[in-house]
Every structure is written in C-alpha cells, then in structure tokens.
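The values are calculated or read from the model by the stated rules, or taken from the named source; none is laboratory data. If you're wondering where the values come from, they're calculated on a predicted model, not measured in any experiment. Heads up, the Cβs are rebuilt from the backbone with ideal geometry, glycines too, and the neighbour counts pull from every protein chain shown.
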Number of protein chains: 2
Amino acid sequence: MDKQIRQSLFEQASAWVKEAGGRIRERMNQPFAIDTKSSPNDLVTEIDKDVEKFFAKNIRDKYPEHQLFGEEGFGDDIKTLDGTVWIVDPIDGTMNFVHQKRNFAISVGIYNNGIGEIGIIYDVMGDQLYTAKKGEGAYKNNEQLHPLNKEQTLDKSILAVNAFWALKNRRVAEEGIHRLVEKVRGTRSFGSAALEFAYVAEGILDGYLTMSLMPWDIAAGVVLLEEVGGITTQADGQPVNMLDKTTVLACNKQIHQEIIRDYVELKV
Amino acid sequence: MDKQIRQSLFEQASAWVKEAGGRIRERMNQPFAIDTKSSPNDLVTEIDKDVEKFFAKNIRDKYPEHQLFGEEGFGDDIKTLDGTVWIVDPIDGTMNFVHQKRNFAISVGIYNNGIGEIGIIYDVMGDQLYTAKKGEGAYKNNEQLHPLNKEQTLDKSILAVNAFWALKNRRVAEEGIHRLVEKVRGTRSFGSAALEFAYVAEGILDGYLTMSLMPWDIAAGVVLLEEVGGITTQADGQPVNMLDKTTVLACNKQIHQEIIRDYVELKV
C-alpha cells in the first residue's frame with residue numbers, strides 16, 4: 001500500500017477509534033442491556049453493536065470500496081482478504097467490559113490484499129492507544145515501542161495463558177501446557193486478546209498462547225507485534241488464518257520455536 | 001482501637017504510602033539492581049529494600065512502641081500480633097515490578113492486638129489508592145466502594161486463580177481446581193496478591209484463590225475486603241494465619257462456602 005494512502009487511512013481510523021472510545025466512556029455510567037450469545041462466556045452488549053454500526057456506517061460512507069469484517073454482523077460477508085478490509089472488534093474483552101468496566105479494547109486491523117498495513121488497539125478506559133503502520137514501527141500513545149528483547153529466554157519469560165488451557169480440553173494436550181507453565185517465570189491472564197497482544201508488543205509479557213480466537217481478536221495485534229520484531233502464528237507454528245477461528249501463539253521470536261517444539265501438541 | 005487514634009494513624013500511614021509511591025515512580029526510569037532470592041520467581045529489588053527501610057525508620061521514629069512485620073528483614077521478629085503491628089509489603093508483585101514496571105502495589109495493614117484496623121493498597125504506577133478503616137467502609141481514591149453483590153453465583157463469577165494451581169502441585173488437588181475453572185465464567189491472573197484483593201473488594205473479580213501467601217501479601221487486603229462484606233479465609237475455610245505462610249480464598253461471601261465445599265481439597 002502506498003505510504004501516503006496508508007497514512008491518511010491511519011489518521012482516519014485512529015480518529016474513529018478515539019471517537020468510539022469517547023462514546024463508550026460516556027455510556028459506561030449508564031445502565032446497559034446485556035445480551036447473551038451462545039454461552040454466558042460470550043456476552044455482547046448494546047454498546048458492542050452500536051460501535052460496530054458506527055464503524056460500518058463511517059467506512060461505507062467514506063470508503064465504499066473497502067470491506068468490513070466484524071463479529072456483530074454489520075459488516076460484509078468476507079470470503080477473501082482481496083482489496084482493503086477493516087477487521088474490527090468493537091469491544092475486545094466483553095467479559096471484562098461487563099464485569100469490570102475496564103480492561104477491554106477497541107481493535108482495528110486494516111489489511112490490503114491480505115497484508116496487515118495498520119493495527120490499532122485502544123484500551124478505552126485506560127485511554128492508552130497502541131498503533132502500528134507496516135514498516136513504520138509501533139507506538140503506545142505517541143511513544144515508539146522498543147524492539148523486543150533479543151536475549152529473552154523461556155525460563156525468564158512471563159506468558160499470558162489462561163488456566164483453562166491447563167485443563168483437559170479439545171484443542172491442546174494439557175501435559176505440555178503444564179510443563180510450559182512450570183518452565184516459565186510466571187503466567188498471567190487479562191481476558192482481552194487485543195490487550196494481551198499489546199502487552200507482548202510492549203514487552204511486559206513475553207508471549208501469549210491461546211487456542212481459540214477469531215480474526216477480529218488478532219488482526220490489529222498481529223501488525224503491532226510484527227513492528228517490534230515479534231511473531232504471531234498458530235500454536236503449531238502454521239500461519240494464522242485471518243478468515244476463521246484460529247489457535248494463536250504471539251510472542252518474542254526468541255522463545256517462539258521452543259514453545260512450539262517442546263510444549264504445544266495440538267489435538268486434531 | 002479508638003476511632004480518633006485510628007484516624008490519625010490512617011492519615012500518617014496513607015501519607016507515607018503516597019510518599020513512598022512517589023519515590024518509586026521517580027526511580028522507575030533509572031536502572032535498578034535486581035537481586036534474586038531463593039528462585040527466579042522470588043525477585044527483590046533495591047527499591048523493595050529501600051521502601052521497607054523507609055517505613056521502618058518512620059515507624060520507629062514516630063511510633064516507637066509499634067512493631068513492623070515485613071519481608072525484607074528491616075522489621076521486627078514478630079511472634080504474636082500483640083500491640084500495634086504494621087504488616088508491610090513495600091512492593092507486592094515484584095515480578096510485575098521488574099518485568100512490567102507496573103501492576104505492583106505497596107500494601108500496608110495495621111493490626112491492633114490481632115484485629116485489622118487499617119488496610120492500604122496503593123497501585124503505584126496507576127496511582128490508585130485503595131483504603132479501609134475497620135467499620136468505616138472501603139474506598140478507592142476518595143470514592144466509597146459498594147458492598148459486594150449479594151446475588152453473585154459461582155457460574156457468573158470471575159475468579160483470580162493462576163494456571164499454576166491447575167497443575168499437579170503439593171498444596172491442592174488439581175482435579176478440584178479444574179472443575180472450578182470450568183464452573184466459573186472466567187479466570188484471570190494479575191500477579192499481585194494485594195491488587196487481586198483490591199479487585200475483589202472493588203467487585204471486578206469475585207474471588208481470589210491461591211495456595212501460598214505471606215502475611216504482608218494479605219494484611220491490608222483482608223481489612224479492605226471485609227469492609228465491603230467480603231471474606232478471607234484459608235482455602236479450606238480455616239481462619240488465615242497472620243503470622244505465617246497461608247493458603248487464601250478471598251471472595252464474595254455468596255460463593256465462598258461453595259468453593260470450599262465442592263472444589264478445594266488441600267493436601268496435608
């Protein structure tokens with residue numbers, strides 16, 4: 001993508017993200033209706049839908065040739081990443097949103113013919129904006145993030161992995177996860193994939209391993225992480241599929257291969 | 001404890017906590033020496049020691065009859081909670097401190113003849129001050145925290161429990177932890193006991209379960225949580241021991257008994 005086009009798109013996307021974030025903060029003190037989707041773990045709120053509509057309308061008005069790929073159904077029926085596609089999660093971390101009224105993010109990734117050009121993750125209540133443009137570095141607010149530590153070792157790493165993946169489950173052999181949790185210095189779990197990506201990019205986590213995410217959970221994070229020298233793949237090292245549900249290992253390159261080789265055994 | 005004495009003590013303790021926090025923030029941008037204790041998971045820093053010394057000196061100067069119980073060895077050799085005892089963790093969440101430069105807290109509990117009178121937890125980098133005086137409510141900054149939800153049920157709860165306790169370990173039967181992780185709506189792990197207590201008191205977590213904490217990790221949190229109607233016990237329901245290492249279940253009373261009865265089986 002042409003650098004000037006990307007810059008202009010970035011400025012517009014950032015402005016919309018900040019505007020949506022402001023609207024969310026305003027409404028946080030009002031009661032909001034909570035809808036449930038397939039399970040109590042899959043909450044979605046009125047605000048979630050409104051924010052996606054806000055993006056859908058704005059994108060269609062200003063960039064009618066672009067497509068929108070999102071969770072709430074106001075976007076397009078995406079089969080390929082041809083052309084320019086906005087991959088949007090209006091509220092990443094809906095459980096945090098509902099229970100904590102913080103620790104959630106707006107996540108916007110913009111892809112051009114499959115290439116991640118722009119990543120924006122906005123911690124709405126903390127008012128922290130993580131951004132990246134392909135080849136131009138990653139930023140937290142207006143400060144450039146440092147490249148990830150090239151001396152990182154697994155035993156000194158803090159890994160985001162939810163306790164759930166240490167249970168017997170359908171996706172990954174739990175024995176390997178147990179050895180991994182014992183190997184690393186510590187584990188954390190924050191409940192927002194977008195923020196967990198942002199924290200890896202920021203270097204406050206060294207990796208994030210999880211077994212079931214959708215493209216809108218990761219689209220922005222992948223771009224952000226790449227700009228600090230990190231890497232995102234499926235948990236077995238295959239490239240992530242930006243069109244469908246995927247396992248994810250997002251981390252410092254120094255520990256990526258070791259985790260895949262020695263600790264992760266996916267179930268078919 | 002007399003209410004006026006408690007108030008005066010509270011004001012002094014809060015002022016010292018804020019002063020210590022300011023000093024820590026100032027030094028965060030300077031390089032700091034990291035010492036290791038018994039394991040890489042048990043880091044302690046120069047600043048950790050300096051902050052404990054700061055409390056030790058101040059307490060001895062102003063309250064020579066009080067005792068100090070802390071991790072770093074500048075306090076007293078405490079055998080009982082007779083008299084007035086300050087139970088201080090200068091930096092709770094040292095791993096976060098070192099790796100993340102945020103998500104750690106100063107924790108100060110003041111006990112009088114074994115009764116928790118004052119609890120102060122200061123999220124230093126986030127500049128969030130949680131405080132409580134016995135019988136006078138709990139506060140975040142200057143806003144009173146609400147009583148915990150009396151309708152809380154376990155399946156709708158968010159529980160702080162580290163993935164480590166889902167592994168085979170010496171303290172708790174992992175099968176019960178697995179069932180618990182499956183039962184609740186979600187789990188989180190933040191890496192600072194004091195902050196996890198504060199989040200339970202704030203109602204953004206519904207419980208915090210862990211198998212190995214020291215008195216200085218919990219002394220302030222116990223007071224804070226009680227003021228919003230929460231409860232702290234050992235993981236089997238026994239009273240916590242404020243003089244020695246302990247297991248901890250700090251949570252909303254509505255789910256406390258159910259967790260103990262149906263999910264926690266301690267190993268002797």
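Here are a few things to note about the model shown:
- Residue that is under 27 Å from residue B:28 (Cα atoms), modelled with pLDDT of 95 or more, within 9 Å of another protein chain (Cβ to nearest Cβ) and within 18 Å of the chain's Cα centre (by Cα), where the choices are B:199, B:122: B:199
- Residue check, residue A:206 under 20 Å from residue A:258 (Cβ atoms), in contact with a strand residue (DSSP E or B) (Cβ under 8 Å, 6 or more places away or on another chain) and not small (Gly, Ala, Ser): yes
- Residues (within 8 Å of chain A (Cβ to nearest Cβ), surrounded by fewer than 22 Cβ atoms within 10 Å (Cβ to Cβ) and closer than 13 Å to residue B:259 by Cα) located in the range B:171-189: B:178, B:182
- Condition check for residue A:213: touching a residue at least 40 places away in the same chain (Cβ under 8 Å), in the same structural domain as residue A:172 (by TED's automatic domain parsing) and of a type outside the set (Ser, Thr, Tyr): no
- In the condition set (1) of a type outside the set (A, V, I, L, M); (2) within 11 Å of chain B (Cβ to nearest Cβ); (3) over 21 Å from residue A:55 (Cβ atoms), residue A:192 is compliant with all but (3).
- Residue B:80 vs. criteria farther than 18 Å from residue B:223 by Cβ, away from every other protein chain (no Cβ under 14 Å) and polar (S, T, N, Q): yes
- Number of residues in the range B:132-166 that are assigned to a helix (DSSP H, G or I) and either over 30 Å from residue A:174 (Cα atoms) or out of contact with any His (no Cβ under 7 Å at 6 or more places or on another chain) (or both) equals 6.
- Residue that is farthest from the chain's Cα centre (by Cα), among those in the range A:150-170 that are among the aliphatic types (A, V, I, L, M) and more than 7 Å from chain B (Cβ to nearest Cβ): A:154
- Qualifying residue in the range B:135-143 (condition: charged (D, E, K, R), in contact with a strand residue (DSSP E or B) (Cβ under 6 Å, 6 or more places away or on another chain) and within 14 Å of chain A (Cβ to nearest Cβ)): yes
- On the stretch given as the range A:78-116, residues that are within 24 Å of residue A:5 (Cα to Cα) and surrounded by 23 or more Cβ atoms within 10 Å (Cβ to Cβ) total 13.
Matching residues to (1) closer than 27 Å to residue A:265 by Cβ; (2) among the polar types (S, T, N, Q):
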position	(1), (2)
A:100	no, yes
A:104	no, no
A:113	no, yes
A:118	no, no
A:127	no, no
A:148	yes, no
A:161	yes, no
